[in-house]
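Laboratory data are not the source of any read-out in this text; all were calculated from the coordinates shown. Quick caveat: nothing in here was measured; it's all calculated off a predicted structure. Counting neighbours? That spans all protein chains shown, and the Cβs are built from the backbone with ideal geometry, glycine included.
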Amino acid sequence: MKLRNIALIGFRATGKSTVGEILARRLCRGFIDMDRSLVREAGCDIAAWVEKNGWGSFRRAESGLLETLRLREALVVATGGGIVLDPQNRQALRKDFFTVWLKAPHHTIRARLHSDPQSTLSRPALSALPLAEEIEKLLAERHPLYSQLADMVIDTEGKPPVRIAEEIAEAFEPQMDADGRR
């Protein structure tokens, strides 16, 4: 039986990348940030990719990367916020990952996005709506998908990333036997 991977899902700015790095170190696992991997491979940020090739191209690449990662083991994976939109991605996450939904209220997400100078440059708008409306609309649309996939849900509001990683590790470790296998 292979070591089960951990996938962090959730909307933008909920802490997937930061928590993922800390969690991977804590569990002595590899860490993959899907957005960073895709950007590195493409040689441009997501905003430039989407402007040049469209969201469909990005989503196809994202799905291809998830297919590759599901075959590996002992990973912590920070997914992109839209990974849950594709039914095949949802199936892969359900089957091959311990999936943790990191969530935050829309006002917190908006504040985090505004405080991150790279956010505006590297993250393209997901709709033509103003940011606050976009966040509310997309959170409402994605909430059922995140909820459906989550083996564990953590509200990141007011919690330091280290504490969030500890909560995940504490929930995940009892599932493993002495060989680190599930």
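Report whether or not SER63 is of a type in the set (Ser, Thr, Tyr), over 18 Å from ALA165 (Cβ atoms) and surrounded by fewer than 22 Cβ atoms within 10 Å (Cβ to Cβ).
Values: of a type in the set (Ser, Thr, Tyr): yes; over 18 Å from ALA165 (Cβ atoms): yes; surrounded by fewer than 22 Cβ atoms within 10 Å (Cβ to Cβ): yes.
In short, yes.
Filter the stretch 148-163 down to the residues that are under 11 Å from GLY10 (Cβ atoms) and part of a helix (DSSP H, G or I) and list them by number. Step through it out loud before you land on a result.
Start the filter on the stretch 148-163 by keeping residues that are under 11 Å from GLY10 (Cβ atoms), which leaves 149-150, 153-156.
Residue satisfying the conditions is LEU149 alone.
Of these, GLU141, GLU136, which one is out of contact with any helix residue (DSSP H, G or I) (no Cβ under 8 Å at 6 or more places or on another chain), farther than 30 Å from ARG26 by Cα and either of a type in the set (A, V, I, L, M, F, W, C) or assigned to a helix (DSSP H, G or I) (or both)?
On the way: GLU136 fails: out of contact with any helix residue (DSSP H, G or I) (no Cβ under 8 Å at 6 or more places or on another chain).
Going through GLU141, GLU136 in turn, the sole match is GLU141.
Looking for something assigned to a helix (DSSP H, G or I), of a type in the set (Val, Ile, Thr) and under 22 Å from ARG40 (Cα atoms) - is there at least one such residue anywhere in the stretch 103-118?
no
How many of the residues in the stretch 137-164 are out of contact with any strand residue (DSSP E or B) (no Cβ under 9 Å at 6 or more places or on another chain), over 18 Å from ILE83 (Cα atoms) and either touching a residue at least 24 places away in the same chain (Cβ under 8 Å) or among the aromatic types (Phe, Trp, Tyr) (or both)?
2
Just the residues that are under 10 Å from MET34 (Cα atoms), in a helix (DSSP H, G or I) and β-branched (Val, Ile, Thr), please, taken from the stretch 54-83.
ILE83
So that you can scan it fast, the table gives a plain yes or no per residue for (1) of a type outside the set (Asp, Glu); (2) over 17 Å from the mean Cα position of the chain (by Cα); (3) over 18 Å from VAL19 (Cα atoms):
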| position | (1), (2), (3) |
| --- | --- |
| GLY54 | yes, yes, yes |
| ARG70 | yes, no, yes |
| PRO87 | yes, no, yes |
| THR99 | yes, no, no |
| GLU134 | no, yes, yes |
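Looking only at residues that are charged (D, E, K, R) and closer than 30 Å to GLY158 by Cβ in the stretch 66-107, which one is surrounded by the fewest Cβ atoms within 10 Å (Cβ to Cβ)? Don't jump to the end; show me each part of the working.
We begin by selecting, within the stretch 66-107, every residue charged (D, E, K, R); these are 67, 70, 72-73, 86, 90, 94-96, 103.
Now restrict to residues that are closer than 30 Å to GLY158 by Cβ: 90, 94, 103.
Details: ARG90: 17, ARG94: 13, LYS103: 21.
Only one residue tops the list, namely ARG94.
Give ALA48, ALA7 a once-over and let me know the one that is touching a helix residue (DSSP H, G or I) at 6+ places or on another chain (Cβ under 9 Å) and crowded, with 19+ Cβ neighbours inside 10 Å. Please lay out each step first, then the result.
Numbers: ALA48 fails: crowded, with 19+ Cβ neighbours inside 10 Å.
It is ALA7.
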